[in-house]
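Only one structure is covered here, and it is reproduced in the block below.
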Amino acid sequence: MQFTGGRPTLHPAFTELVEHALRVGLNVRVHAKVYRVRVEHWRLFEARRVGVATTYHSDDAVQHDAITGRSGCHAATRAAILFQGAVGPPGSRDVQVMRMPAVMAAHG
């Protein structure tokens, strides 16, 4: 099951929906803006059958922040990716990073 579109982690029943999907045996993939993921969601993402993906617009902080329209977004996104790599269990430590070319993102 895939949770995507906007900010799925902000849905009031997000945790319950993911837990239900796992209980019935589904694999879960969450595509989210990881700069705003809550600690309890990182714990949820540690489950073996949960994958996480995010979009990393640019290696350049100024360019990334300009594309997202959020000052500090690059630093927060990068920190969240590194945090997940540090806390996730073996085999599920990776956040799939979807790089979006700046030209495509700017004209999207």
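What follows is calculated from the coordinates using simple rules that are stated; it is not laboratory data. In this text, all values refer to a predicted model and were calculated from it rather than measured experimentally. Glycine gets a Cβ as well: all are built from the backbone with ideal geometry, and neighbour counts include every protein chain shown.
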So Leu26 and His11, fully extended at 0.36 nm per residue minus their Cα-Cα distance, gain in nm 3.5 nm
Express in nm, to one decimal, how much length is gained between Arg70 and Gln2 on full extension, taking 0.36 nm for each residue of separation and deducting their alpha carbon distance.
-> 21.9 nm
Describe numerically, in nm with one decimal, the distance between label points set 7 Å from Cα along Cα→Cβ at Val39 and at Gln63.
-> 3.5 nm
